[in-house]
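Following: one structure in structure tokens, then a few remarks.
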Amino acid sequence: NSIWVSTDHDEIEKVAKQFGAQVHRRSPEVSQDSSTSLEAIREFLNHHHEVDIVGNIQATSPCLHPSDLIKVADLIQKEGFDSVFSVVRRHQFRWSEVKKGENKMTEPQNLNPAKRYRRQDWPGELYENGSFYFAKRHLIEKGYLQGGKMAYYEMRAEHSVDIDIDIDWPIAEQRVLSFGYFGKEPLKEVKLLVCSIDGCLTNGRIYVTEDQKEMVSYDYRDIVGIDLLKKRGIEVRLISERDCSKTLSAIQLGCVAKVSATNKLQVLEDWQKDMGLSWKEVAYLGNEESDVECLKKAGMSGVPADACAVAQKAAGYICKSNGGCGAVREFAEHIFLLLEKVNSARKQ
């Protein structure tokens with residue numbers, strides 16, 4: 001009936017409202033590093049007596065689909081369950097832990113080593129995946145997210161992403177592109193990539209020789225990335241606030257370029273209209289404050305790892321590579337993942 005974001009952070013509140021959510025400002029007491037979701041939910045209920053059922057959706061599980069939530073709500077509202085939580089089926093053999101110094105052997109927990117299952121012949125086991133917990137008000141007031149008449153909801157393995165540690169983050173990014181929910185509007189293929197030259201294609205440094213000639217460096221991986229994009233039918237165009245015509249001539253990329261651009265957004269809009277593209281078909285890679293409006297407009301936006309803070313905040317994807325050190329190639333791979341997602345959706 002209502003969507004809320006519980007937070008004590010001004011920026012999170014601002015973004016939540018931009019996307020149509022209502023905001024509950026958490027008290028300092030339930031905003032500690034050690035605070036639990038249950039504590040935050042109970043505080044919320046103290047201020048919202050009209051709420052009978054809470055669906056606690058975990059932000060660390062980004063592959064959740066609305067269709068799953070609709071089915072779970074039906075389990076509570078139509079089938080009378082008091083609480084429903086998400087699980088995923090895993091095919092992992094468990095063994096007992098032997099702590100250092102203990103004089104004993106490990107023991108199998110869910111298998112017979114003499115008769116090991118083939119994975120495809122074993123139904124596996126159900127594990128909580130932390131994606132969501134639905135519960136009626138009376139349970140939560142007693143201090144439970146699970147209890148009463150309980151049911152689990154088994155999610156597909158590809159949708160079960162749980163971000164706990166740093167290494168989970170890049171895995172989640174790849175999984176979201178392949179299996180994430182992108183809304184009801186059909187995905188669009190990227191048809192145009194516009195890349196800022198200084199700080200993206202190059203590292204932004206200018207080397208000056210004794211005879212006053214300028215030199216810049218670039219990474220060959222980025223040139224390969226541009227070639228791969230072209231082979232996939234994606235137009236690549238370059239933009240710069242400087243007059244770097246000689247640099248482009250030396251690299252010989254064969255891309256349309258606009259140098260000495262005083263208004264990058266105007267150039268981007270002109271190209272988008274000339275090609276007859278929607279913004280969802282445009283990707284932009286930038287790194288400076290002058291790129292921010294372009295990053296916000298483009299359907300897919302990215303910045304190198306060393307981009308300025310305001311550009312990073314405006315971008316949808318932050319590369320692991322710095323500008324001039326493979327960021328263009330990395331962003332190209334990011335675009336290819338989206339294309340795979342589009343093709344997969346078409347087949348479905």
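The values are calculated or read from the model by the stated rules, or taken from the named source; none is laboratory data. Keep in mind that this is a model prediction, so the values were computed, not measured. Quick reminder, even Gly has a Cβ in these numbers, built from the backbone with ideal geometry, and neighbours come from all protein chains shown. When the accessible area is computed, the model is the full protein with side chains, heavy atoms only, and any ligands, DNA or RNA have been set aside. Shrake-Rupley method; radii C 1.70, N 1.55, O 1.52, S 1.80 Å.
The helices (runs of 4 or more DSSP H) found wholly in region 1-91 and carrying at least 2 residues that are in the same structural domain as Phe132 (by the TED database), at pLDDT below 95 and open to solvent by 30 Å² or more (accessible area, probe 1.4 Å) occupy 66-77. For region 143-158, does any single residue satisfy the condition of being under 18 Å from the mean Cα position of the chain (by Cα) and touching a residue at least 60 places away in the same chain (Cβ under 8 Å)? Scanning region 143-158 turns up at least one residue that is under 18 Å from the mean Cα position of the chain (by Cα) and touching a residue at least 60 places away in the same chain (Cβ under 8 Å).
Within region 167-198, the residues that satisfy the criterion of being open to solvent by 20 Å² or more (accessible area, probe 1.4 Å), within 19 Å of the chain's Cα centre (by Cα), closer than 20 Å to Ala315 by Cα and not hydroxyl-bearing (Ser, Thr, Tyr) are Trp169, Pro170, Ile171, Glu173, Gln174, Arg175, Val176, Phe182, Gly183, Leu187, Lys188, Glu189. Can you find a residue that is outside any helix (DSSP H, G or I) and modelled with pLDDT under 80 anywhere in region 217-230? Checking region 217-230: at least one residue is outside any helix (DSSP H, G or I) and modelled with pLDDT under 80. The residues of region 243-282 that are surrounded by 15 or more Cβ atoms within 10 Å (Cβ to Cβ) and either on the phi > 0 side of the Ramachandran plot or of a type in the set (Lys, Arg) (or both), listed by number, are Lys258, Lys264, Lys280. Restricting region 124-137 to residues that are assigned to a strand (DSSP E or B) and among the charged types (D, E, K, R) leaves a set whose member that is surrounded by the most Cβ atoms within 10 Å (Cβ to Cβ) is Lys136. Scanning region 283-328 for residues that are open to solvent by less than 60 Å² (accessible area, probe 1.4 Å) and acidic (Asp, Glu) yields a count of 1. For region 287-329, name all the residues that are closer than 23 Å to Arg232 by Cα and among the hydroxyl-bearing types (Ser, Thr, Tyr). Listed by number, the residues that qualify are Ser301, Tyr317, Ser321.
Output the number of the condition that Ile140 fails; it satisfies all remaining conditions of (1) open to solvent by less than 30 Å² (accessible area, probe 1.4 Å); (2) in the same structural domain as Gly233 (by the TED database); (3) of a type in the set (A, V, I, L, M, F, W, C). Checking Ile140 against (1) open to solvent by less than 30 Å² (accessible area, probe 1.4 Å); (2) in the same structural domain as Gly233 (by the TED database); (3) of a type in the set (A, V, I, L, M, F, W, C), the one that fails is (2). Applying the set (1) within 16 Å of the chain's Cα centre (by Cα); (2) farther than 18 Å from Gly233 by Cα to Leu268 leaves exactly one unmet item: (1). Against the test of being part of a loop (DSSP other than H, G, I, E, B), more than 20 Å from Glu189 (Cα to Cα) and in the same structural domain as Tyr220 (by the TED database), the options Ala311, Ala307 yield a single qualifying residue, Ala307. Among the residues of region 90-124, the ones that are among the hydroxyl-bearing types (Ser, Thr, Tyr) and touching a strand residue (DSSP E or B) at 6+ places or on another chain (Cβ under 9 Å) come to 2 in all.
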